[in-house]
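The values are calculated or read from the model by the stated rules, or taken from the named source; none is laboratory data. The structure displayed is predicted, hence computed values, not measured ones. Ideal geometry is used to build each Cβ from the backbone, glycine not excepted, and the neighbour counts take in all protein chains shown.
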């Protein structure tokens, strides 16, 4: 007979209990299983967070800043800003346009940080060598496979202009290439 008991509040009635240990942002479940031979400790679900200690957080931050600055240049009047504003019907002369801009920029920076963090984990887990071309290839792969496909799903339903699609997705592909190259070279 096998009974499963919680390591925090063991009970003798043989009912299944679990203890959730919150390791932000991951939840790790751990269980005791008692057999006729004694108590057996097992972890049914466990995310190994040791890889996070090997990440270069400065490289992640620099990659985030690089991707963010690329967005500022990409959507500036010098490149695609004017055309982008026309395609989304944005009145750049509207004084209320600046309301909430700080919150939008902070949100964008945080989201880009999450992308760079994910790229860094992927680079670490795959074990890429310090090679410029690996960064370019990984950026192309993740840019097309993840970023553009996610944006494309939205475009399928919103019926937006194809030029807007190219501007927005081009930014993310180039951003992934830039971030992945920084992260591969600076590990």
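From the list 97, 122, 111, which one is in the same structural domain as residue 176 (by TED's automatic domain parsing), surrounded by 10 or more Cβ atoms within 10 Å (Cβ to Cβ), assigned to a helix (DSSP H, G or I) and at pLDDT below 90?
97
Under the condition of being modelled with pLDDT under 95, surrounded by 12 or more Cβ atoms within 10 Å (Cβ to Cβ) and under 16 Å from the mean Cα position of the chain (by Cα), which residue from the stretch 50-81 is farthest from residue 121 (Cα to Cα)?
Among those that are modelled with pLDDT under 95, surrounded by 12 or more Cβ atoms within 10 Å (Cβ to Cβ) and under 16 Å from the mean Cα position of the chain (by Cα), it is 56.
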